[in-house]
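Below is one structure, written out as structure tokens; comments come after it.
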Amino acid sequence: MELKIARRHCRDQSGNTRCFHYFLTISQEETPNFCCENYGVRVTEEGGGEAVIPSITPSAARIDELITLLVDNQVGPAGLADVIADWL
């Protein structure tokens with residue numbers, strides 16, 4: 001399952017307008033004794049690529065921090081993995 005969180009327009013270094021879409025991904029992790037949610041992110045660019053990193057954290061507060069960081073800094077699909085690696 002996923003939820004769309006935001007859309008941001010920005011200009012790149014060449015002055016071209018780019019539009020990114022940010023999604024929260026939610027997956028279920030089941031064990032014999034309980035079930036919990038794991039959260040990840042997906043970032044797409046209109047007319048461009050996409051990047052998905054599932055199951056980053058089971059913490060709603062932490063994924064909220066991460067998505068806020070991605071949206072506020074207009075991180076595109078190409079930079080998603082590097083930003084998450086630094087964030088972790």
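The values are calculated or read from the model by the stated rules, or taken from the named source; none is laboratory data. The structure presented is a predicted model; accordingly, all values stated were derived computationally and were not measured. Methodologically, a virtual Cβ is constructed for each residue, glycine included, from the backbone with ideal geometry; neighbour enumeration extends over all protein chains shown.
Output the residue which, of all residues in region 1-47 that are in contact with a Pro (Cβ under 7 Å, 6 or more places away or on another chain) and small (Gly, Ala, Ser), is surrounded by the fewest Cβ atoms within 10 Å (Cβ to Cβ).
So, considering only residues that are in contact with a Pro (Cβ under 7 Å, 6 or more places away or on another chain) and small (Gly, Ala, Ser), the one surrounded by the fewest Cβ atoms within 10 Å (Cβ to Cβ) is Ser27.
Take region 13-31 and flag every residue that is in contact with a Gly (Cβ under 9 Å, 6 or more places away or on another chain) and modelled with pLDDT under 95.
Residues satisfying the conditions are Arg18, Ser27.
Does Ala78 qualify as being part of a helix (DSSP H, G or I) and loosely packed, with under 12 Cβ neighbours inside 10 Å? If you could, list the steps in order and put the result at the bottom.
Details: part of a helix (DSSP H, G or I): yes; loosely packed, with under 12 Cβ neighbours inside 10 Å: no.
Judged against the criteria, Ala78 is not a match.
What about Ile67, is it modelled with pLDDT under 95, buried (at least 18 other Cβ atoms within 10 Å of the Cβ) and within 12 Å of the chain's Cα centre (by Cα)? Reasoning before the result, please.
Values: modelled with pLDDT under 95: no; buried (at least 18 other Cβ atoms within 10 Å of the Cβ): yes; within 12 Å of the chain's Cα centre (by Cα): yes.
Taking the combined requirement at face value, the residue does not satisfy it.
Can you name the number of the only condition in (1) over 10 Å from the mean Cα position of the chain (by Cα); (2) farther than 16 Å from Gly79 by Cβ that Leu24 fails?
Leu24 satisfies every listed condition except (1).
How many residues, within region 31-43, are within 9 Å of the chain's Cα centre (by Cα) and not basic (Lys, Arg)? Quick ask: steps written out before the conclusion?
Within region 31-43, the first condition is being within 9 Å of the chain's Cα centre (by Cα), and the residues that meet it are 40-43.
Still in the list and also not basic (Lys, Arg): 40-41, 43.
Residues in region 31-43 being within 9 Å of the chain's Cα centre (by Cα) and not basic (Lys, Arg): 3 in total.
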